1. In the stretch 1-26, which residue that is closer than 13 Å to Glu51 by Cα and among the aliphatic types (A, V, I, L, M) is surrounded by the most Cβ atoms within 10 Å (Cβ to Cβ)?
2. What residue, of Leu69, Leu53, Leu89, Leu33, is modelled with pLDDT under 70 and either more than 23 Å from Gln218 (Cα to Cα) or in contact with a strand residue (DSSP E or B) (Cβ under 6 Å, 6 or more places away or on another chain) (or both)?
3. Could you tell me which of the residues His87, His101, His123, His115 is in contact with an Asp or Glu (Cβ under 8 Å, 6 or more places away or on another chain), assigned by TED's automatic domain parsing to the domain that holds Leu187 and not in a loop (DSSP other than H, G, I, E, B)?
4. Could you check, for the stretch 134-151, whether at least one of its residues is surrounded by 22 or more Cβ atoms within 10 Å (Cβ to Cβ) and part of a helix (DSSP H, G or I)?
5. Hey, can you tell me all the residues within the stretch 254-294 that are exposed (fewer than 12 other Cβ atoms within 10 Å of the Cβ) and modelled with pLDDT under 85?
6. Output the residues belonging to the stretch 104-159 that are under 25 Å from Arg196 (Cα atoms) and of a type in the set (D, E, K, R).
Amino acid sequence: MYLPPTHYDYLRRARPYLLELAEKDAANYASSLSSLTSVGTIDNIDNHLEECLHTGFMRGFQPELRSHLSLEDAIELLQDAPTEQRHRLANFLGGMGIEYHCIFNFALSGKKTFHFSRNLTEHLLNTEINLNCRFIELPFPCCMFVYTSPSAIDALHEALNGFGNFEPSSREARDYSAPISVFVTLLDATSGLSGRSIIFTAFQARRSDRGHAMTKRQMFLPDDWSLEMALRTEWDTLYADGKECVVETRPGRPSDEGFYTDGLRFFRMLINSVLYLSAGRDLTERPSRRSELIAEAASLQKSKKRRKLQSANSFSELAYSDVGCDLPPIVISSAHHDDTEPRVVSGLHSNSLQTRVMVRGHWRHQPHGTGLSQRKLIWIKPFLKGPDIAELVNKAYHVR
């Protein structure tokens, strides 16, 4: 499958000035570096973010205020505007700042893009692993993950609903034609804390006249934490005492409960994607189909050239790596089987251990007493079993 238009391509159409300025700043910053890196803040780097915000404000938010007004003057002019309009302004400028930062780091790492096949995405969504945070590595300091699976889109909407800042939507109302673009940034040092962190910024890229959905989460990755702890990072508490991650919800934050149930499914998929990618398997390098079509159009007559260029708009301009494109789908069988006989599902013997997995710590009712008739609750510590992470994700599924 060719890569459809990502959020990067969306910005190329909707806010080309943002890409131009962010990529220009990234190129200037890269010229002073000896190795690839990513930045957690651009405050101490020469940048054109303010110019970008000003241009976006004048073009997209308040076109009638174009001409001589500065961004500060225009914002001051809106201080007496209705609350809804001021909130819309804050979201607009904040969103542009996030996009600028994503594109800056993305360009700094060479715009490395990975498309996860639909079959692989289904496996990633149905895999739960709780390794130590030191195993989290990216092939580049920043890259973009792209998902087209309807199940991934459902998981994204669960996360948005869990945050409490997005109106719940029925499946019929969701745009399954729009892929998910996730900018993944690994920071070697986290300001004020001893440890790495990873930032996931997810967009559902859509046509420029429809806008987009966005969610962002940063996870702390100290070596002595598990991934489950990282998923529940509470930054306020970390900066308060620098010692522990609080999992419980806090008063006044009703959205936490939704996030820590359905909302975490999407971010677990992203963590699983990072782990799978680190195994270095099932990668196929592909050029941009859009670039190919534009090159083909150069020698065509006007009418055919126009049609070819229109067709090119259905694809991303980015070269990319296909991940898991040869992975078969999850096989669900409802046939009755005799548990005493080995079963074969998708070519694997499901009665034998085919995968390596860090089994999560969990509570178990342990039989004890005369005739093992009594039960006591015991804690089973995490333990490893089976082959490697790629085999874990590529497992066969059987449902009776």
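The values are calculated or read from the model by the stated rules, or taken from the named source; none is laboratory data. Since the structure is predicted, the reported quantities are computational estimates derived from the model, not experimental observations. Note that we place each Cβ from the backbone using ideal geometry, even for glycine, and neighbour counts take in every protein chain shown.
1. The extreme case among them is Ala22.
2. Details: Leu53 fails: modelled with pLDDT under 70; Leu89 fails: modelled with pLDDT under 70; Leu33 fails: modelled with pLDDT under 70.
Going through Leu69, Leu53, Leu89, Leu33 in turn, just one is modelled with pLDDT under 70 and either more than 23 Å from Gln218 (Cα to Cα) or in contact with a strand residue (DSSP E or B) (Cβ under 6 Å, 6 or more places away or on another chain) (or both): Leu69.
3. Working: His87 fails: in contact with an Asp or Glu (Cβ under 8 Å, 6 or more places away or on another chain); His101 fails: in contact with an Asp or Glu (Cβ under 8 Å, 6 or more places away or on another chain); His123 fails: in contact with an Asp or Glu (Cβ under 8 Å, 6 or more places away or on another chain).
That would be His115, the only listed residue that is in contact with an Asp or Glu (Cβ under 8 Å, 6 or more places away or on another chain), assigned by TED's automatic domain parsing to the domain that holds Leu187 and not in a loop (DSSP other than H, G, I, E, B).
4. Of all residues in the stretch 134-151, those surrounded by 22 or more Cβ atoms within 10 Å (Cβ to Cβ) come to 142-147.
Next, only the ones that are part of a helix (DSSP H, G or I) stay: none.
No - not one qualifying residue is present in the stretch 134-151.
5. Once the filter is applied, which keeps residues that are exposed (fewer than 12 other Cβ atoms within 10 Å of the Cβ) and modelled with pLDDT under 85, the stretch 254-294 yields Pro254, Thr261, Gly280.
6. Lys111, Lys112, Glu128, Arg134, Glu137
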